[in-house]
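The values are calculated or read from the model by the stated rules, or taken from the named source; none is laboratory data. Predicted, not measured: the structure shown is a model, and the values here were computed from it. All Cβ positions, glycine included, derive from the backbone under ideal geometry; neighbour counts span all protein chains shown.
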Amino acid sequence: MKFIDEVVINVSAGKGGDGCISFRREKFIPKGGPDGGNGGNGGNIWIKTDSNINTLSHYQFKKKFKAEDGEKGKSKNCTGKNGKDIIINVPLGTRILENKNNQLISDMISKNKKILLVQGGWHGLGNTRFKSSTNRSPYKKTKGKCGEEKEIKLQLMLLAHVGTLGLPNAGKSTLVNSISSKKNKVGSYPFTTLFPSLGVVYTNKKKNNFVIADIPGLIKGAHTGLGLGYRFLQHLERCQILIHIVDLKPIDKSDPSENIKIILNELKKYSKKLYSKNKWIVFNKIDLFDSKKLKKKINKILKKIDSVEKYFLISAKKKIGTNFLCSNIQYYINKKNKINLKKI
């Protein structure tokens, strides 16, 4: 199923049913009085999280949702039937916004969360409701009210503890595949990963785990739309930590230190808030160097970049150093979330 992370839909609640004007007419009861019933309420439209779906592709072509109108009132004081409600299911992590002004309506980050998007119109009143001591035969009713209508933007932002950053072919997908059960496509050409995906990493037998997001690679000029741009960076906004994967031996023979600066620069241009998140550098493909050359190369890179919060040496393909990396990530997440650290 194609990954879609933003759609705009129109939602219209049902109209309330009109009231009825009717008078009781039976044998031997020629003037039985008013018996017109009320109309039914219009149907509402709700939105609810569903953990079984992970994309908004269901709404790529179906853009309009209209709840059922309430039925009109009937004679013999019969109330019209209420219109049926509609429930729109969305993935966890979906933000609901007003499309006109991008005002946040709700952030759907909990399981089975359900909110009312638009409310159905109120029912109209039948003439029975207008009977009084001074007006025994009212010829009056009210019409049902129109339901609410809105244009809504659904914006999916993946829920992950850890997000990956890096140039294309840095080894992001290889790392996610090696530490989780996720099997993303891996290739020796740029933009093998076209859409974000999630993997779950278990760090010990007690099933401590964290969720990692594999994001398509950035290139220089991504903020101008080059490559895939940075439209998928929104999926990193909920992450507690970012790991920056750096290829120590790029195919194009570029300088790893310059590649680090490219990614950090693009991240800063996208969002200062995202740029301020904790970022760990993960140097990949250490298996291509002996220990002496590796140490020399790392020191050379570190001297050229401003500051590094923390760095790790791994080979994602051969799973060297990945357990140590995962343990540190798990410890950081547990500490931040105030989980018992003795479990690790």
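Tell me which of these Leu198 doesn't satisfy, since it passes every other one: (1) in contact with a strand residue (DSSP E or B) (Cβ under 6 Å, 6 or more places away or on another chain); (2) modelled with pLDDT of 90 or more; (3) farther than 21 Å from Ile301 by Cβ.
Among (1) in contact with a strand residue (DSSP E or B) (Cβ under 6 Å, 6 or more places away or on another chain); (2) modelled with pLDDT of 90 or more; (3) farther than 21 Å from Ile301 by Cβ, the lone unmet condition for Leu198 is (2).
Only one of Thr79, Thr128, Thr134 is surrounded by fewer than 19 Cβ atoms within 10 Å (Cβ to Cβ), more than 19 Å from the chain's Cα centre (by Cα) and under 30 Å from Ile29 (Cα atoms); which?
Working: Thr79 fails: surrounded by fewer than 19 Cβ atoms within 10 Å (Cβ to Cβ); Thr128 fails: surrounded by fewer than 19 Cβ atoms within 10 Å (Cβ to Cβ).
When all the criteria are applied, what remains is Thr134.
Given the residues Asn101, Asn112, Asn77, Asn127, which is the only one that is in contact with a helix residue (DSSP H, G or I) (Cβ under 7 Å, 6 or more places away or on another chain) and polar (S, T, N, Q)?
On the way: Asn101 fails: in contact with a helix residue (DSSP H, G or I) (Cβ under 7 Å, 6 or more places away or on another chain); Asn112 fails: in contact with a helix residue (DSSP H, G or I) (Cβ under 7 Å, 6 or more places away or on another chain); Asn127 fails: in contact with a helix residue (DSSP H, G or I) (Cβ under 7 Å, 6 or more places away or on another chain).
Result of the check over Asn101, Asn112, Asn77, Asn127: Asn77.
Take residues that are more than 18 Å from Asn204 (Cα to Cα) and tell me which of the helices (runs of 4 or more DSSP H) falling wholly in region 262-344 contain 3 or more. Steps first, answer last, please.
Numbers: elements: 272-275, 291-304, 322-336.
Per the criteria, 272-275, 291-304.
Going through region 21-47 one residue at a time, which ones are assigned to a loop (DSSP other than H, G, I, E, B) and either closer than 20 Å to Asp85 by Cα or touching a Cys at 6+ places or on another chain (Cβ under 8 Å) (or both)? Spell out the reasoning first.
Taking region 21-47 and keeping what is assigned to a loop (DSSP other than H, G, I, E, B), we get 21-22, 24-25, 27-28, 30-33, 35-44.
Scanning region 21-47 gives Gly36, Gly37, Asn38, Gly39, Gly40, Asn41, Gly42, Gly43, Asn44.
Only one of Glu98, Glu68, Glu26 is over 29 Å from Phe130 (Cβ atoms) and of a type in the set (Asp, Glu). Can you tell me which?
Details: Glu68 fails: over 29 Å from Phe130 (Cβ atoms); Glu26 fails: over 29 Å from Phe130 (Cβ atoms).
Step by step, each of Glu98, Glu68, Glu26 is checked, and only Glu98 is over 29 Å from Phe130 (Cβ atoms) and of a type in the set (Asp, Glu).
This table checks each residue for (1) basic (Lys, Arg); (2) assigned to a strand (DSSP E or B); (3) free of Cβ contacts under 8 Å to residues at least 12 places away in the same chain; (4) not assigned by TED's automatic domain parsing to the domain that holds Phe23.
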residue	(1), (2), (3), (4)
Arg95	yes, yes, no, no
Asn101	no, no, yes, no
Asp107	no, yes, no, no
Asn112	no, no, no, no
Gly121	no, no, no, no
Thr128	no, no, no, no
Thr134	no, no, yes, no
Pro138	no, no, no, no
Thr142	no, no, no, no
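When you look at Phe65, is it aromatic (Phe, Trp, Tyr) and part of a strand (DSSP E or B), yes or no?
Working: aromatic (Phe, Trp, Tyr): yes; part of a strand (DSSP E or B): yes.
Yes.
Which members of region 206-231 meet the condition of being of a type in the set (Val, Ile, Thr) and either surrounded by fewer than 16 Cβ atoms within 10 Å (Cβ to Cβ) or modelled with pLDDT under 75 (or both)? If you could, list the steps in order and put the result at the bottom.
Narrowing region 206-231 to residues of a type in the set (Val, Ile, Thr): 211-212, 215, 219, 224.
Hits for region 206-231 are Ile219, Thr224.
State the number of residues belonging to region 7-30 that are in contact (Cβ under 8 Å) with a residue 12 or more places away in the chain and over 30 Å from Leu117 (Cα atoms). It would help to see each step written out before you state the result.
Narrowing region 7-30 to residues in contact (Cβ under 8 Å) with a residue 12 or more places away in the chain: 7-24.
Now restrict to residues that are over 30 Å from Leu117 (Cα atoms): 21-24.
So the answer is 4.
Would it be correct to say that Lys304 is farther than 19 Å from Leu175 by Cβ and more than 30 Å from the chain's Cα centre (by Cα)? Can you show your working first?
Numbers: farther than 19 Å from Leu175 by Cβ: yes; more than 30 Å from the chain's Cα centre (by Cα): yes.
Here the answer is yes, as Lys304 does meet what is asked.
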